[in-house]
Amino acid sequence: MLDRRSMDISQLYLERYGMETQERLALLIREAKTDDPLAPVTIVVPSQYAGLSLRRSLGKKGGLVNVRFMVTARLAEYLGSPTLASQGKVPRSSLMELAVIQKLAGDISGQGPLGGVSKHPKLLASIRNTFRNLSNLSAVSLQALETKDSLRKQIVDWYRLFGNSLDHYYTREELSKVAAIAVKEGRAGSVLKDLGFTIFCLVSDFSPGEIDLINALGELEQCAVILGLTGESETDMKVRSIVPRLEKILSLVESSEKIEQRYGIQHLLIAPDAQEEIRWVVRTILKQAEEGLPFHRVAVLYRQSDPYGLLIHNQMRFAGIPVSGPDSIQLKDTPIGKLLLYLLEILESDFARDSVMRWIAETPVKTSLTDSFSLSEYARWEVISREIGITKGISQWQERLDNYIGSLDQRIDEIGNKDEASPGQVQGVKKLKESASSLRIFIQELSSNKTPPEGSEWGDFAAWSRGLIEKYTQQPDEWPEEHQGSYDRIVNLLDELKTLDDLLPGGANLADFISMLNTSLETSVGRTGPTGSGVFVASVASAQGMDFEVVYIVGMAEGVFPPRIADDALLPDRIRATLPENENLPLRDAKRIEERRLFLAALASGQQRILSYPRTDTSSQRGQFPSPWFVSEAGVLYGDYVRSTEIEKLEHEQWLSVIYSAQHSLSHSSNLTPADTHDYDLASIVRWHKNGHHLESHFLMGKGSPGRRSLQMEKGRQGSGFTVWDGCLVDLSGTSRRLGLPQDSQFSPTKLQRWAECPFKYYLGDILRISTLEQPEEIMTISAMDKGSLIHEILERFVATVQEQGDLPDFGQPWTDSHVTLLTKIADEEFEKAEADGLTGRPIFWGLAKEEIRHDLVAFLDSDGKWRGNEQTKPLWVERRFGFGNDEDLPPVIITRKNGSHIRLRGIIDRVDESASGTNLIVIDYKSGTSSPYRDMREDPLGKGRFLQLPVYAQAIRNAHDRDVEVEALYWFATTRGGFERKGVPLAEVEDRYQEMVEIIASGIEQGIFPANPGPQDSLDNCRYCDFKRVCPANVDILWERKKKDSGIAHYLSLSDLMPEEEVEG
């Protein structure tokens, strides 16, 4: 039983965390009110949450009248702030501390051990914590510290400068010491009368100043202290170390009953990941709620805010469970926080494209054009800015948008002049122009937000930022209440930044202002939901002194719960241990013990306790082991020692739940309540299948339902038949205009080649018109495609220029040095254009690429001269176009199909050489890559339809000549990487076969045959650089081998039957 002492309750009590503490507190309150039931009593608690919880618990046992709850800092403010205010001092804020540290960091840059890293953000955060530790040391200890070495001397010097800069602002520690003096000197009488008897309940992290305050109150017999014990001697060492510092004034009272060693655990959970772990917790809470347990009597606690802070809140919201407690979201992650910080990032980054697009996509930004901003408009802006290669810079934005808009105007005119142009085509281009124009206006208006000049006052930057918020925030008065609260807090913080002008004269710059704002917004938005109205969700440390019926402690993985505690780089243990009064500088071991105490205190807050851990860390995709504390509790429940790897083998035990997967979780939770409607539906399907029923017969799998289609897709893809899920669209043949080749326009033979290579790729790109967009900012160097285009352009300009100048070498003659000079000059001009178009990537890599291209061009010229010497040829045409409909172009290549329809092919031929005799023409197509994709041209020059470009080009040239000529077409790999190799195709040898292939391809497209062909099993060449690789199943090679035996793919495979005659005979 608890000792009842009515004569003197101003004592120091050691009680076990939990009900014993509450009973002692209730007894002290009653005894403090013995003479007057209305006498004031003040309870000092670890947190406001603990105060609210204790008020509710104590109120149930008889009511509370004139009892207030507050934290230690608030008590010190009541007692000490009047004195400090009379001295002209005001509270020191975190913002002030950050500003001074940042200013001093700039002052010591380059000086001493920390000079080289003085402005590093992590150092500044570490310095702030170090200074808070140093504030607990006396002058003697500081002097001892600075004599250790040059690093420690610099830290102490920096700390003293820090303190001098903030001399007119008081700290929490100074406030406590002044409050103690005010109590001792009798200057706080009226406040003490209002506070009444003061009880410190379960507060354990007292600073020296707070100890002085308690002793001052104790001398007046005006307070009592209740310290919590866990029953573990090592864990209780810190609490017991406080006793000698208070015992001189407050006599010690310790319960005569032996404290139990453990807080019993009722259940353990092992889940596959954090997602399933929390889902199980939510299901269990809902089940308990159905049985009558109020939500506010439940707590879900974690040690690691990432991922649990946001994950738990989201899962609870989906389930419709109210939540209370500290909000895990920081101000910088709120809509208004992102809007301001992302906008400042745009200005600091010189209008980087990715920063602009992120700002628009992730924040409630209001454009100058409309009050709202549609997703479709954003999508068009994203596509346009990527397509034209914008990276950053206002001039680049304006120049490239102007050029793009001009090209759209030209395109509109071209389409309008065509009789067959559809209104939809014209409207689509006009819509693009409209979006590009609005983007240009938006960027132009955005660039008008000129930043305050360097050296402007902090108040100027703050006012400017507030103006940006008001200008770009979209209807904040209509936001949800919690977001309006964040808006107000950030506006107030900007007002607080104005106070830095008195503290830091000399002004600021944009970088310092952004850094300060970023750090200042790294604080919680406050709390979510009124405490007592929903499930309490918070860190383990927040649960001290609270009271629940059920407590879930999640995320108990090794290395995370408790966390691995690294030594302090600035004040390591070896330094701390040598200082006088080192009890005010905790060592790593003390931090480990404190983690244990907080864990046990959290357990004590509940009557039922459930622990859980996830086997996988989803962020790193790595497995993890349970915390030693989790393993220890498993051993207690099992009644014997158990290894961490053996716990899952005990899943038959009633106290353990093991979940292996999301599906297993559904079957495992049959006795729990579904977390939400989706959870309910999935659980229903799992039970149906578990009971032996066919999935298709479940009511959620009705015809046309998403579930039925998902099931059909899985069966279709994994089966041996060629189905609609694999690209079999034969049922749509003749019903869709997209299934077929365009009859009213010309197109390139590469369109046919795409189907021959992989019909499914053709389906995605040419029929569904899906394409990928590169991120300009992520381009490290020029892409292979752009490099090839660049080489083509340089060689085309070179030969055309030589022809215009009449300086073309005669048949079989080599190129001269003057030709090499001209080629290099043209290359440099094209390099500049590529740079201006944003195609070249990082400068260092582009420099290497340019040298490689120059080398290849000169080497190619040499190779070309030797080849023409052997063949006795010279260039006739360059960049010869056919089939584009212009007067100067050659006519299209027309292929008549078996059904009488015509296919019209067009293209641009890089170069045509003629022989001295005039009877031979050679069509050349430059290739800038390796020749390996064309390695099978020796056996089959047409590559089963993949190499139709050369015979089509050859036929275009032959058709343009009225005399009998032999035409050969060849790929020329014009780089060192390609070995300057040539692979040729004589038109006469392949003409009939290539036209048969065109017929097969055209017919296959019309029939809707689009299987995914990954290419040879040993290389999967078709998938290697495919834009749609992520769309296809991971086992596409296995599926191809399985499905190509289906008769529906026979038509596609017939391309392989058209091999050269000698191969067929062999």
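Where a number appears in this text, it was derived from the coordinates with a stated rule and is not lab data. All values reported here derive from a predicted model rather than from experimental measurement. All Cβ positions, glycine included, derive from the backbone under ideal geometry; neighbour counts span all protein chains shown.
A few points about this structure:
- Computed from label points 7 Å out along Cα-Cβ, the spacing between GLN87 and LEU375 is 5.9 nm.
- Zone residues, region 888-919, relative to GLU966, backbone N less than 14 Å from point 7 Å out along Cα-to-Cβ: 915-919
- Relative exposure of ILE908, ILE593, ILE1005, judged by other C-beta atoms within 10 Å (fewest first): ILE908, ILE593, ILE1005
- For region 520-542 versus region 63-131, the inter-centroid distance based on Cα atoms is 22 Å.
- Reachable lysines, given that their alpha-carbon falls under 22 Å from the alpha-carbon of LYS591 and they are not under 8 places away in the same chain: LYS122, LYS238
- Distance in nm between pseudo-label sites at GLU549 and LEU220 (7 Å out along the Cβ direction from Cα): 4.2 nm
- Listed by chain and number, the aspartates and glutamates whose alpha-carbon sits under 20 Å from that of LYS1043, ignoring those within fewer than 8 places in the same chain, are GLU714, ASP726, ASP731, GLU757, ASP1018, ASP1021, ASP1057.
- Candidate values [x] -0.37, -1.01; [y] -0.52, -1.05; [z] -0.35, -0.90, label of the one derived for log10 I(q)/I(0) by the Debye sum over Cα atoms at q = 0.05, 0.08 Å⁻¹: [y]
- Paramagnetic reach from LEU468 in region 378-401 [backbone N under 16 Å; point 7 Å along Cα→Cβ]: 393-394
- Cβ-derived FRET efficiency at R0 41 Å, ALA577 paired with ASP502, nearest 0.05: 0.50
- A helix-only calculation puts the chain at -15000 deg cm²/dmol for mean residue ellipticity at 222 nm, using -39500 (n - 2.57) for each DSSP H run of at least four residues, averaged over all residues.
- Nearest-0.05 FRET efficiency for SER684 and ASN129, computed from C-beta distance (R0 45 Å): 0.30
- Computed 3J(HN,Hα) for region 234-239, one whole-Hz value per residue from the Karplus formula 6.51 cos²θ - 1.76 cosθ + 1.60 where θ = phi - 60°, is 5, 5, 8, 4, 4, 4, glycine and proline marked x.
- 19 Å Cα-Cα threshold exceeded, pairs from LYS366/LYS498; LYS450/LYS471; LYS787/LYS927; LYS715/LYS1045; LYS898/LYS983; LYS430/LYS471: LYS366/LYS498; LYS898/LYS983; LYS430/LYS471
- Cubic angstrom per residue, convex hull over Cα atoms of region 774-871: 93 Å³
- Full extension of the chain segment joining GLN621 with ASN314 gains 108.4 nm, where the gain is 0.36 nm per residue of separation less the Cα-Cα distance.
- Residues in region 714-732 that a label on ALA1034 would reach, taking backbone N under 16 Å of a point 7 Å out along Cα→Cβ: 718
- On full extension, the segment bounded by ASN671 and LEU142 gains 184.3 nm, given 0.36 nm per residue less the C-alpha separation.
- Prolate/oblate/rounded label for region 93-165 (Cα gyration tensor, a/c 1.5): oblate
- Cβ crowding within 10 Å, taken as a proxy for footprinting-reagent exposure, orders TRP479, TRP815 from fewest neighbours to most as TRP479, TRP815.
- Length added when fully stretched, ASN66-LYS591, from 0.36 nm per residue minus Cα-Cα: 185.3 nm
- For region 382-507: relative contact order, % (alpha-carbon pairs under 8 angstrom, 6 or more apart): 24 percent
- Theoretical FRET efficiency, 1/(1+(r/R0)^6), r = Cβ-Cβ of GLN475 and LEU768, R0 30 Å, to 0.05: 0.20
- Taking ASP936, ASP992 and counting other C-beta atoms within 10 Å, the order from fewest to most: ASP992, ASP936
- Ranked by how many other beta carbons lie within 10 Å on average, peptides 84-90, 998-1004, 63-69 from highest: 998-1004, 63-69, 84-90
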